[in-house]
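Report on the structure given below.
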Amino acid sequence: MERLASVDLCSGAGGLALGLERAGFDPVLLLDNKPIACETLRHNRPAWNVVELDLLDFDPVEYPVAYDVDLLSAGLPRVKSPATTKRVETGLELRLLKATVLLAHAIQPKAVLIENVPDLVDSAQFEEVRSYIQSELSHLGYRFHWFILNAADFGVPQDRKQGLLVALKEPHFDRFHPPAPTVTEHTTAGEALLPSMSSRGWTGAAEWALQAGRVAPTLVGGSDKRGGADLGPTGTKNLWAQMGINGSALSDEVPGPTGTQESDTSGSRLKKLTVEQTAVLQSFPEGWVFAGKKTARYRQIGHASPPPAGEAVGAAIAAALRGDGATDQGRSNRL
């Protein structure tokens, strides 16, 4: 089947790009301003054209390979409420969103995919932002699908809701419909992590897996400006504790035969996850290597888009662009 071309912005550790690759998109350019993320991308996909540059400084005139691609995708930093930033033009996250929209003017992709917070789709607080996006793109011939997906519905063992915008030009718009869930039963954190939790012979691993018998809370990568790695705010840590996990830090190793984690000196009966286990909860493939030390690796994972969710959305976009998408589904949230 014919492969499609894409440009991926704010690529991070490559979760969205990896999912899109599985769906049939080959990136002609991936952009990120963090050296550690670019190192991760280059290590795992040496053939990818990774550009280390701030999106606000990106000029496609200097990268003509970006013109006329099939898809412009962006897993942007999470936007904050306009009540905080006051205007669409202020706040770094909203400025990156604006830069993505304006870049579509320049490179003219057939489709645009933006992944962000669920509130971007339906919250009244973001009405001004949605109106801005649509006013900028509608006169270029794009029409819009706004929808929310939960990565858990696509096999990811984590409750991770994503707000998505898919904008397509005619005639592709009417061929697109948001992807339906690919699983009928969610994979629990216990099921996903049991192989690693028992890999050093921990006799209590199976019992722990039963306690962790639901999808994990949303992983939170945290800010590059604050301390070490943890699994989220207080409320989220309480949810992790109910599953037998200490959400305040990460471990260097999984439990040994007696349940001991040598690097954990907290004295807590709760187990700490390793960086590799958080990658499992994001459904990164085994062998995907994250550059940097423990905290930097975890932040890349926590900020990523789970590849299975990206693959599902990418497959729906690819079907629409190739002309084999359905025309009678998913119309309830179209504009």
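The values are calculated or read from the model by the stated rules, or taken from the named source; none is laboratory data. Here the structure is a predicted model, which is why all the values come from computation and not from measurement. A quick note on method: Cβ atoms are made from the backbone with ideal geometry, for glycine too, and the neighbour counts reach across all protein chains shown.
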- Query: Can you find even one residue in segment 311-321 that is free of Cβ contacts under 8 Å to residues at least 60 places away in the same chain and over 17 Å from the mean Cα position of the chain (by Cα)?
  - Reply: no
- Looking only at segment 37-50, count how many residues are aliphatic (A, V, I, L, M), buried (at least 18 other Cβ atoms within 10 Å of the Cβ) and outside any helix (DSSP H, G or I). 1
- Query: P307 passes all but one of (1) surrounded by 23 or more Cβ atoms within 10 Å (Cβ to Cβ); (2) at pLDDT below 95; which number fails?
  - Reply: (2)
- Conditions (1) within 30 Å of W240 (Cβ to Cβ); (2) modelled with pLDDT of 95 or more; number of the one not met by S81: (2)
- Item | Residues (over 21 Å from T40 (Cα atoms) and either in a loop (DSSP other than H, G, I, E, B) or at pLDDT below 95 (or both)) located in segment 52-77 | D59, Y63, Y67, D68, V69, D70
- Task: Out of the residues in segment 54-75 that are β-branched (V, I, T) and more than 17 Å from Y142 (Cβ to Cβ), state the one that is surrounded by the fewest Cβ atoms within 10 Å (Cβ to Cβ).
- Result: V61
- Residue tally, condition more than 15 Å from E276 (Cα to Cα) and within 27 Å of the chain's Cα centre (by Cα), over segment 192-210: 1
- Message: Taking the criterion of being surrounded by fewer than 23 Cβ atoms within 10 Å (Cβ to Cβ), in contact (Cβ under 8 Å) with a residue 24 or more places away in the chain and part of a helix (DSSP H, G or I), would at least one residue in segment 23-30 satisfy it?
- Response: yes
- Note on the structure: Inside segment 89-119, the number of residues satisfying the requirement of being assigned to a loop (DSSP other than H, G, I, E, B), touching a residue at least 12 places away in the same chain (Cβ under 8 Å) and farther than 17 Å from S11 by Cβ is 5
- Item | Search result, residues across segment 264-281 that are charged (D, E, K, R) and assigned to a loop (DSSP other than H, G, I, E, B) | D264, R269, K272
- Query: If a residue has to be among the aliphatic types (A, V, I, L, M) and surrounded by fewer than 20 Cβ atoms within 10 Å (Cβ to Cβ) to count, how many in segment 150-163 make the cut?
  - Reply: 0
- Item | Sole exception among (1) within 26 Å of L4 (Cα to Cα); (2) touching a Leu at 6+ places or on another chain (Cβ under 6 Å) for V79, by number | (1)
- Only one of these conditions is not met by A47: (1) in contact with a helix residue (DSSP H, G or I) (Cβ under 6 Å, 6 or more places away or on another chain); (2) at pLDDT 95 or above; (3) farther than 17 Å from P307 by Cα; (4) small (G, A, S). Which number is it? (1)
- Message: Can you tell me which condition H172 does not meet? The list is (1) more than 30 Å from A104 (Cα to Cα); (2) more than 16 Å from the chain's Cα centre (by Cα); (3) not hydrophobic (A, V, I, L, M, F, W, C), and all the others hold.
- Response: (1)
- Query: If we keep just the residues of segment 201-214 that are in contact with a Pro (Cβ under 8 Å, 6 or more places away or on another chain) and surrounded by fewer than 16 Cβ atoms within 10 Å (Cβ to Cβ), which is nearest to N238 (Cα to Cα)?
  - Reply: T203
- Filtering segment 125-149 down to residues that are crowded, with 18+ Cβ neighbours inside 10 Å and within 17 Å of V313 (Cα to Cα) yields R143, F144, H145, W146, F147, L149
